[in-house]
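The values are calculated or read from the model by the stated rules, or taken from the named source; none is laboratory data. It should be emphasised that the depicted structure is a prediction, and the values quoted were computed from it without experimental measurement. Ideal geometry is used to build each Cβ from the backbone, glycine not excepted, and the neighbour counts take in all protein chains shown.
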Amino acid sequence: MSIAILVASYPGDQAWSQFARAYQALDESLDSVAAARLGDGSTRWMEAPIPALEGLSPRQVLAAKPSGELAVRTVIMRMP
């Protein structure tokens, strides 16, 4: 999947807020929600290449893409 498609399909900040609350994240920051959703593996996941992010790690996408946070949020929200 392309990062542009992930950004375009981001369901919005209200959906992100609801998602963060559902997983009882400490706040709505990406790191906090990732930790709440992925547990102890969140740090490792943020550094790992993710196929849905064109093989880049979430940290790489955040650093290199202007809308990277929306793409990473979309991936987290779509996880089974």
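Among the residues of the range 57-69, the ones that are crowded, with 21+ Cβ neighbours inside 10 Å and in contact (Cβ under 8 Å) with a residue 40 or more places away in the chain come to 2 in all. Among the candidates ALA36, ALA22, the residue that is of a type outside the set (Val, Ile, Thr), modelled with pLDDT of 95 or more and in contact with a Phe, Trp or Tyr (Cβ under 6 Å, 6 or more places away or on another chain) is uniquely ALA36. When residues in the range 8-28 are screened for being crowded, with 18+ Cβ neighbours inside 10 Å and either among the polar types (S, T, N, Q) or in a helix (DSSP H, G or I) (or both), 3 of them pass.
Within the range 57-67, the set of residues being in a loop (DSSP other than H, G, I, E, B) and within 18 Å of LEU38 (Cα to Cα) comprises SER57 only.
Here MET46, MET1 are screened, and the one residue that is surrounded by 12 or more Cβ atoms within 10 Å (Cβ to Cβ) and modelled with pLDDT of 95 or more is MET46. Just to be sure before I move on: is ASP31 assigned to a loop (DSSP other than H, G, I, E, B) and either within 10 Å of the chain's Cα centre (by Cα) or surrounded by fewer than 15 Cβ atoms within 10 Å (Cβ to Cβ) (or both) in the structure I sent? Considered against the rule, which asks whether it is assigned to a loop (DSSP other than H, G, I, E, B) and either within 10 Å of the chain's Cα centre (by Cα) or surrounded by fewer than 15 Cβ atoms within 10 Å (Cβ to Cβ) (or both), ASP31 comes out as no.
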